[in-house]
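Asker: Sharing a structure with you now.
The values are calculated or read from the model by the stated rules, or taken from the named source; none is laboratory data. Since the model is a prediction, treat every value here as computed from it, not as a measurement. Backbone-built Cβ (ideal geometry, glycine too); neighbour counts: all protein chains shown.
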Amino acid sequence: MPVKNDRKLFEFLVLESAQAGLSWRTVLYKREGYRKAFADFDPKKVAKFRSREVKKLLVNSAIIRNRLKILATINNAEKFLEIQKEFGTFSKYMWGFVGDKSIDGKRRSLRGLPALTREAEVFAKDLKERGFKFLGPTIIYAHMQAVGMVNDHITGCFRYREIKRKNL
């Protein structure tokens with residue numbers, strides 16, 4: 001379903017960058033740990049994390065204890081705030097890549113579901129140019145699906161029809 005709340009979007013970006021190279025099950029199992037460790041996904045608070053917080057995070061078994069991913073989350077919070085300042089909201093920036101409307105995948109089955117799209121490549125490239133880390137085109141496409149920027153539900157699914165109605 002379309003998500004436009006900036007804090008929720010930051011949460012999804014944090015979890016999706018943490019997922020890089022791992023299973024979604026692993027990340028979802030640790031979601032509450034991430035919520036507590038990363039200030040309820042408040043990018044203003046996370047952007048202020050320094051070495052003391054990083055040291056605590058590196059020994060926190062409730063999250064994935066990968067130094068590069070932890071540092072990327074803090075970096076990405078800073079970049080997220082820069083985008084908010086430039087565009088008013090991160091949502092406005094992000095949804096601009098799809099014209100503020102979900103892309104209709106018109107999938108009859110999950111066979112042939114792409115790992116990424118041109119829109120995801122453009123979005124990921126822009127994020128990278130803005131200094132974001134651990135968010136390549138495949139992860140960004142998963143993000144786009146998760147936040148409803150892409151409607152890849154199969155056409156017989158009730159969610160497909162629900163999202164299509166909201167986009168009219």
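Asker: Name the single residue, out of those in region 92-122 being free of Cβ contacts under 8 Å to residues at least 24 places away in the same chain and assigned to a helix (DSSP H, G or I), that is surrounded by the most Cβ atoms within 10 Å (Cβ to Cβ).
Answerer: Among them, the one singled out is TYR93.
Asker: Let me ask you something else. Look through region 134-168, keep the residues that are modelled with pLDDT of 85 or more and touching a Ser or Thr at 6+ places or on another chain (Cβ under 7 Å), and return whichever of them is nearest to GLY105 (Cα to Cα).
Answerer: By that ranking, first place goes to VAL150.
Asker: Could you tell me how many of the residues in region 132-168 are of a type outside the set (A, V, I, L, M, F, W, C), assigned to a loop (DSSP other than H, G, I, E, B) and touching an Asp or Glu at 6+ places or on another chain (Cβ under 8 Å)?
Answerer: Our first condition is that a residue be of a type outside the set (A, V, I, L, M, F, W, C); within region 132-168, this holds for 133, 136-138, 141, 143, 145, 148, 151-153, 155-156, 159-162, 164-167.
Filter again for assigned to a loop (DSSP other than H, G, I, E, B), leaving 133, 136, 148, 152-153, 155-156, 167.
Now drop any that are not touching an Asp or Glu at 6+ places or on another chain (Cβ under 8 Å), which leaves 167.
The number of residues fulfilling the criteria is 1.
Asker: Return the residues of region 22-51 that are modelled with pLDDT under 95 and not in a helix (DSSP H, G or I); say none if nothing qualifies.
Answerer: Scanning region 22-51 gives LEU22, SER23.
Asker: Now for a separate question. Can you name the residue in region 123-168 that is among the hydroxyl-bearing types (Ser, Thr, Tyr) and closer than 24 Å to LEU22 by Cα and, of all such residues, is surrounded by the most Cβ atoms within 10 Å (Cβ to Cβ)? First the steps, then the outcome.
Answerer: Residues of region 123-168 that are among the hydroxyl-bearing types (Ser, Thr, Tyr), as a first pass: 138, 141, 155, 160.
Next, only the ones that are closer than 24 Å to LEU22 by Cα stay: 138, 141.
Working: THR138: 16, TYR141: 24.
Checking each candidate, the answer is TYR141.
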